[in-house]
Structure formats: structure tokens, C-alpha cells
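Each remark here refers to the structure printed beneath this line.
Rule-based calculations on the coordinates, nothing more; no lab input. In this text the structure is predicted, and so the values were computed from the model without any measurement. All Cβ positions, glycine included, derive from the backbone under ideal geometry; neighbour counts span all protein chains shown.
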Amino acid sequence: MEDQDRRQHDRSSMSVRMQMFVDDRLCLRAHTLDVSPGGALVHGAAQLDIGQTVRLELCRGGEKNPLVLSAKVVRLDTPAPGARRHGIALRFVDCGAADRAALSSLLRRR
């Protein structure tokens, strides 16, 4: 089954500055390629495994605190030789009502 068939939410192409942490260790500073209420595709490469849980800090701009979410790695995209686009597909997990509301607000603003 293709990824599109499994998606529960529409994706929005958007570049959001973010940081990714594994066990409180920064492993990636990057930008998102797209975001949905259910997950994100991040541009970048890091030493991760499928199924691994990470913590994301999504920049909300201005003086606002970052939106902090837990996510599972669902796919790692490695480009063909000579290509430059690496990607990490994430599914948000354990999002409470406040997290979902903040994420919806971020999606509406972009």
C-alpha cells in the first residue's frame, strides 16, 4: 500500500524551522517540507531507525515557545547518488488536545 493510501490527513507544503532530539540529544536542525495534523516530512538526514521515537521542536515564530511534539520515524528517504534531498517521514504520537490545537493554529497561519 502506498503512503498516500495510508494517510489520514491532508498534507500542507510548508517550511518550518525545527530541531529533532533523541534521548534529549540534538540530532538534527532542519526545516519541514510538509506538515499535517498527523505528521511531517523533514528535509535532512540523521542516524535514526524506523520506529524510533524522537522529540520535535517546531518554531512558531516571534516570541512564542516552540511547539514540542513526540513522533515516530516511519520512513527514511535517501536520494539517488548525486541527488541532494534526504527526508525523514514522521508520525506524531501522544498529542494531547493542547498540542493538536497549537498544531492546527500553525497549519492555518502558513
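Can you work out the PRE-style zone for residue 101? Point 7 Å along Cα to Cβ, and I want the residues of segment 22-51 with backbone N under 18 Å. Within reach of a label on residue 101, which here means backbone N under 18 Å from a point 7 Å along Cα→Cβ, segment 22-51 contributes 37.
A convex hull fitted around the alpha carbon atoms of segment 10-90 yields 101 Å³ per residue.
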